Amino acid sequence: MIPQLLDGTLVLVVVALAWRALNDRDLFRGVIEFIALGLLLAMAWLRLRAPDLALAEAAVGSGLTGALILSALVRMRRREQAAAGQPAGVATGPWAKDRAKNFSRVLLGALSVAMLGTLAWAALSLPAKARGLTAEALARLPDSGVTNPVTAVLLNFRAYDTLLEIGVLLLAIVGVWALRRGEWPAADLRERPLLLSLLRWVLPLLAVGAGYLLWIGASAPGGAFQGGALLAGALVLALLSGLGRRLLRRGRLVRTGLTIGVLVFGVAGAVALGWTGGLLQYPTGQAGAWILVIEAAALVSIGLTLGLLYLGGRPGEK
Amino acid sequence: MSTVFLTAALALLLTIVLGLAQVFRQAGRADSLLAAILFGTTGVAVVLLLGKALGIPGAVDVALVFASLAAVLGVAFVLRGWPPDDFPEDPRP
Amino acid sequence: MPDADPRLYLLAGLALFAIGFYSLVVQTHLLRRIMALNVMGSGVFLAFLALALKAAAPMPDPVPHAMVLTGIVVAVCATGLALALADRVQALEANEETPAPEEPPSAETGSEPEDAG
Amino acid sequence: MSFLDFLSALLLVPALFFFVAGTVALLRFPDLYSRLHALTKADNVGLGFAVLALMLRAENGVEVFKLALIWGLVLAASSTVCFLIGQEAVRRGLKPWTRQSP
C-alpha cells in the first residue's frame, strides 16, 4: 500500500511540475519549478533502482542545469530591459488572445495527446517481463576490471560510446566559446566574508568528493561523470566568487584540461588496438588500471567543461 | 522496519507537495527559490530514507551530492540569478 | 520492498515527452523551449529506465542505465550550447530593433550563430 | 523489532514534526525574512533527527560518518545561503514586515 502511494505521488508531482515548469506565466517561477523537477526525478531514479543516475541527476540535473538556466534568464532579462528601456513584464508567454493562435494550440494539444496515446498503447503492449542484457553483462563482469555493472558498460563493453560522448562535450564547449565571450562574474568576497569562510572548506570537500566518487565508481554507484559533476560544482562556486579568476588566466592549462579526456581516451584506444587488435579492448587482467586512468582524465575534462559552460563563453579580458 | 522509513519518506514527499503550493500561488521570486531550497533539505532526507527503505547502499552518496550541489544553486541564485526587477510585492498580509 | 510498477513510470515518461513536445511548439520564449527540450529528454530517460526495470532478475538492466547516464551529461552540454545560441539570437534581435544601446563585446564574433548549431 | 529499531522509529517522529513545521512556516509567515527561519531552523533540525534515526540503523562506521557530514554540509550551506539572501534583500530595500504595515 505504502509503496504504491509513494509511486503514485511521485509520478503525479513529476508530471504536474513538468507542465507547470513549461507553462507558468512567470518565467522565473517556471525555472524554479524546472529545478524542483530535477530533484524529484532524482528520487524517481532511486525508486527505479538506478543510484548511478540519481547521483548524476542530483549533481547535473538540478544543480548545474538550474544554475545555468537561472544565470541565462537574468542575462536575457537585463538585455530586454536595456533594449526596451522600461521594466519589462515578467513573462513573454504566448497568452495571445487571437483566435488563430488558440486554434493552433488546441490542434497541437490534440496532436500531443494522440501521440501520447499511441506511445502508451505501444509501450503497454510490450511484454511485462523482459530479458534485457542483465545476464550477459553480469556474465562478463569478472573480465571487465570493475565490479559495478554500469561502469563496466560505460568504460568497457560500450567504451566507444563514452569516447564519443567526451568528444561531444569538447564540441559543446568549443561551440560556446566560438559564440560568445564569457562574462566575469564579479562578486566581491570582501562584502561577503561568510561566503568566503564557507568556500574555504566546501571547495576542497567537493574536490575530495569528486575523487572519492571516481574511486568508488569501480565497485559502487559513482564514476567519472558524477565526480566530474561535483568538480564542476566546485568550479562554478569558484567562478561565482571570483576565486577562479587565476585559473582562467592560465589559458593553456585550461585548454589542456578540456582536451585531456579525449586525448587519453583516444590514445588508450589506439594503444589497445595495436596491442590486442580490438578498439578499446583492454589487455586481459589489466582492464581495471586502464579504466581508472581513462576515468581520471575524463573526470578532469568533464568537470572543466561543465564548469566553464556556466561562464557562457570563452574566458578572456576585454 | 523498512515500511517505517518508507512511510516517513512518503510523508516528507507530501510536505514537498505542500511547499509546491507556495511556489504555485502568486509568490515573490525569492520566495519561490526559498521553497526550492527547502525542497533541497527535505530532498536530502527523502533520498536517505528511501535509500534505507529500498536497501540501496549508494543512496548516502546521492544525498551527499545533493547537499553539496544545493549550496552551489543557492549561491548561484544570490550572486547571479536574482532577476534585477524583483520585489514588486511583499509583505503580504 | 517490492519494485516499482514499471508501467506507471513508463506512462509518466511518455507524458513528460508529450508535455515537452507541446510546449516546445507552443511556447515562443527561447528559454522555455530549451527547458521543453530538457523535459522531453527526461521523459525519454524515465521511459528507458522503466523498461530497464522490467529485466530486474538480480538487478535492473545496466545497459540502459549507462546510456541514460551518457544522455544526462550530453543534455546539460546541449543546454549550455543552446543557451549561448539563444543569447546570440537575442543580442542580434536587440541590435536590429534599437541602434546599439550598450551592447558590449559580443557583436564582433564574426559568424552567424545559426551555422554553429 | 529490536530496541534500536524502536528508538530509530521514535526519532523519526520529531523529524517529521520539524519538517512539517518548516513547510507550514514557509506557507504562513508574512515576509521573506521570517520565512528564512523556516529554512535555517526547522528543516535543519528535522534533518538532524532523521540523520540520527538513520545513524542508529547504519551498517558501518563509514556510513555514520557520511551521515554526519551530510548534516554538517546542509547546516553550513543553508545558513550561509540564507544569510546571503537576507543580505541581498536588505540591499534591495525590502522592508521587513511589521504589524502596522498594510
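The values are calculated or read from the model by the stated rules, or taken from the named source; none is laboratory data. Computed from a predicted model, the values in this text were never measured in an experiment. A quick note on method: Cβ atoms are made from the backbone with ideal geometry, for glycine too, and the neighbour counts reach across all protein chains shown. Side chains are part of the model used for accessible areas, which takes the heavy atoms of the whole protein and leaves out ligands, DNA and RNA. Shrake-Rupley method; radii C 1.70, N 1.55, O 1.52, S 1.80 Å.
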Q: Specify, per residue and in Å³, the volume enclosed by the convex hull of the alpha carbon atoms belonging to the protein assembly as shown.
A: 163 Å³
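Which of the trypsin sites (Lys or Arg not before Pro) across the stretch A:94-187 are loop residues per DSSP, with 15 or fewer other Cβ within 10 Å? Walk me through the numbers on the way to the answer.
Numbers: sites: A:LYS97, A:ARG99, A:LYS101, A:ARG105, A:LYS129, A:ARG131, A:ARG140, A:ARG158, A:ARG180, A:ARG181; in loops: A:LYS97, A:LYS129, A:ARG131, A:ARG158, A:ARG180.
Qualifying residues, ordered by number: A:LYS97, A:LYS129, A:ARG131.
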Q: Could you please state, rounded to a whole Å, how far the C-alpha centre of the stretch A:11-42 is from the C-alpha centre of the stretch D:60-82?
A: 27 Å
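Counting other Cβ atoms within 10 Å of each Cβ, which trypsin sites (Lys or Arg not before Pro) in the stretch D:65-101 have at most 10 and sit in a DSSP loop? Walk me through the numbers before you get to the answer.
Working: sites: D:LYS66, D:ARG91, D:ARG92, D:ARG99; in loops: D:ARG92, D:ARG99.
Sites meeting the loop and neighbour criteria: D:ARG99.
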Q) In what order, largest first, do B:THR3, D:THR40 sit by accessible area if the probe radius is 1.4 Å? A) B:THR3, D:THR40
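Compute the Kirkwood hydrodynamic radius of chain D, taking the inverse of the mean of 1/r over all pairs of distinct Cα atoms, and give it in Å to one decimal. Could you put the intermediate results ahead of the total?
Values: mean 1/r = 0.0653 Å⁻¹.
Hydrodynamic radius (Kirkwood, Cα only) of chain D equals 15.3 Å.
Going by average Cβ density within 10 Å per residue, which order do the peptides A:260-268, A:193-201 take, highest to lowest? Before the final figure, lay out each step's value.
Working: A:260-268: 19.2, A:193-201: 15.7.
Ranked from most to least packed, the peptides come out as A:260-268, A:193-201.
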Q: Please compute the Cα-Cα pair-distance distribution of the stretch D:38-96 with 5 Å bins starting at 0, giving whole percents from short to long.
A: 4, 18, 20, 17, 13, 10, 7, 5, 4, 2, 0
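Where does the stretch C:6-98 land on Rg(C-alpha)/(2.2 N^0.38 Å)?
Values: Rg = 16.9 Å, N = 93, 2.2 N^0.38 = 12.3 Å.
Cα Rg divided by the expected 2.2 N^0.38 Å: 1.37.
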Q) Sequence-distant or interchain residues sharing an amide H contact under 5 Å with A:ARG181, placed H: which? A) A:ARG314
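Can you give the mean number of other chain Cβ atoms that lie within 10 Å of the Cβ atoms in peptide D:57-67? Show your work: numbers first, answer last.
Working: counts 5, 2, 3, 0, 0, 1, 3, 1, 1, 5, 4.
Partner-chain Cβ atoms within 10 Å, mean over residues of D:57-67: 2.
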Q: Treat every Asp and Glu Cβ in the stretch A:150-318 as -1 and every Lys and Arg Cβ as +1, leave all other atoms uncharged, and give the resulting dipole magnitude about the Cα centre to the nearest 20 debye.
A: 700 debye
Q) Where in the stretch B:2-63 are there trypsin sites (Lys or Arg not before Pro) that are in a DSSP coil and have at most 12 other Cβ atoms within 10 angstrom of their Cβ? A) B:ARG25
Q: Within a 10 angstrom radius of each residue's Cβ in D:15-25, how many Cβ atoms of other chains show up on average? Whole number is fine.
A: 5
Q) When the Cα centres of the stretch C:1-35 and the stretch A:174-247 are compared, how far apart do they sit, in Å? A) 30 Å
Q | Whole-percent pair-distance distribution, where bins are 5 Å wide, for the alpha carbons of the stretch A:150-318 | A | 2, 9, 16, 19, 17, 14, 10, 7, 4, 2, 1, 0
Q: Could you give the spread of the C-alpha atoms of chain A along their three principal axes, from largest to smallest, in whole angstroms?
A: 67, 59, 38
Q: Averaging sequence separations of C-alpha pairs under 8 Å and six or more residues apart, then dividing by the length of chain A, give the relative contact order as a whole percent.
A: 20 percent
